[in-house]
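The values are calculated or read from the model by the stated rules, or taken from the named source; none is laboratory data. Here the structure is a predicted model, which is why all the values come from computation and not from measurement. When we count neighbours, we look across all protein chains shown, and the Cβ atoms used for this are built from the backbone with ideal geometry, even at glycine. Surface areas here come from the heavy atoms of the whole protein model, side chains and all, with no ligands, DNA or RNA. Shrake-Rupley method; radii C 1.70, N 1.55, O 1.52, S 1.80 Å.
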Amino acid sequence: MILAIIKYNAGNIYSVVNALKRLGVEPLLTDDRDELTQADRIIFPGQGEASNCMAYLREKGLDEVIRSLRQPVLGICVGQQLMCRHSEEGDTDCLGIFDADVRRFIPQKHDDKVPCMGWNSVDVRKGGMGCVSPLFRNLPSEPYVYFVHSYYVPLCNETTATSEYILPYSAAMQKDNFFSCQFHPEKSGKIGEIILKNFIEMKG
């Protein structure tokens with residue numbers, strides 16, 4: 001099995017590479033259209049600024065490649081946000097895979113800090129798909145995972161897990177072969193390992 005990681009101008013990619021190696025998977029880090037199209041699984045990770053990331057993806061033609069993928073794809077953090085329709089970060093038009101817009105957290109009280117950073121629970125029982133996503137097999141109903149983000153995706157029909165910081169939001173999403181999570185499974189200990197393993201093993 002070939003698991004490819006999309007190479008682009010975003011940070012944190014090598015944390016995902018190392019997490020996969022701990023699971024015995026040697027990923028292919030690439031921005032090559034043919035290699036991505038032929039891979040069995042694809043991860044679209046990253047930390048970064050939405051407008052700069054999208055500009056890079058368009059310059060390399062990776063925006064069209066990502067939309068055309070038919071194998072399982074997992075977006076992580078900024079990867080989830082870029083798979084949405086639009087982001088308030090830089091007033092950016094994104095890939096439009098998910099029918100949702102990305103918004104910035106607005107503090108409501110003194111204790112609200114932005115970015116949201118640290119461990120928080122996610123509820124994997126409230127998916128818009130009407131069932132638990134295959135990404136969350138063999139997990140407790142409210143596992144704790146690690147977040148770092150200033151922007152969020154509101155709840156929508158494609159939400160498969162929720163979390164709450166200032167307000168409820170989409171911790172994970174799914175549409176067809178596209179899966180995503182706002183949190184970082186590669187930084188989420190044993191829970192994150194199970195999620196990555198579920199993605200690797202899911203039926204393509």
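At-a-glance table
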| item | result |
| --- | --- |
| Positive-pole candidate from THR160, GLY48, GLN108, dipole of region 44-187, charges at beta carbon | THR160 |
| R0 of 25 Å, Cβ-Cβ distance CYS131-ARG70: FRET efficiency to nearest 0.05 | 0.70 |
| ASP32 versus ASP93: modelled label distance in nm, points set 7 Å from Cα along the beta carbon direction | 3.1 nm |
| Volume per residue of the C-alpha convex hull in region 58-164, rounded to whole Å³ | 120 Å³ |
| Surface share of carbon and sulfur [accessible, 1.4 angstrom probe, percent] for the chain | 47 percent |
| Positive-end residue of GLN38, SER150, CYS131, charge dipole of region 18-156 with Cβ unit charges | CYS131 |
| (1) 103; (2) 121; (3) 163, with the label sought being that of the calculated volume of the Cα convex hull per residue in Å³ | (1) |
| Residues of type lysines that LYS60 reaches as a straight line, Cα spacing below 21 Å, ignoring anything fewer than 8 places off in the same chain | LYS7 |
| Region 16-78, dipole about Cα centre (Lys/Arg Cβ +1, Asp/Glu Cβ -1), debye to the nearest 20 | 240 debye |
| Inter-site label distance for ARG58 and MET117 at 7 Å from Cα along Cβ, in nm | 3.1 nm |
| Gaussian network model of the chain, Cα within-10 Å springs - most flexible of ASP111, ASP99, ASP34 | ASP111 |
| At R0 = 22 Å, FRET efficiency that the Cβ-Cβ distance of GLN108 and SER141 yields, to 0.05 | 0.25 |
| Whole-number accessible area per residue in Å² for region 57-159, which is evaluated in the context of all protein chains at 1.4 Å | 49 Å² |
| Region 121-170 versus region 6-62: alpha-carbon centroid distance in Å | 23 Å |
| Only Lys, Arg (+1) and Asp, Glu (-1) charged, at Cβ; region 65-204 dipole about Cα centre in debye | 380 debye |
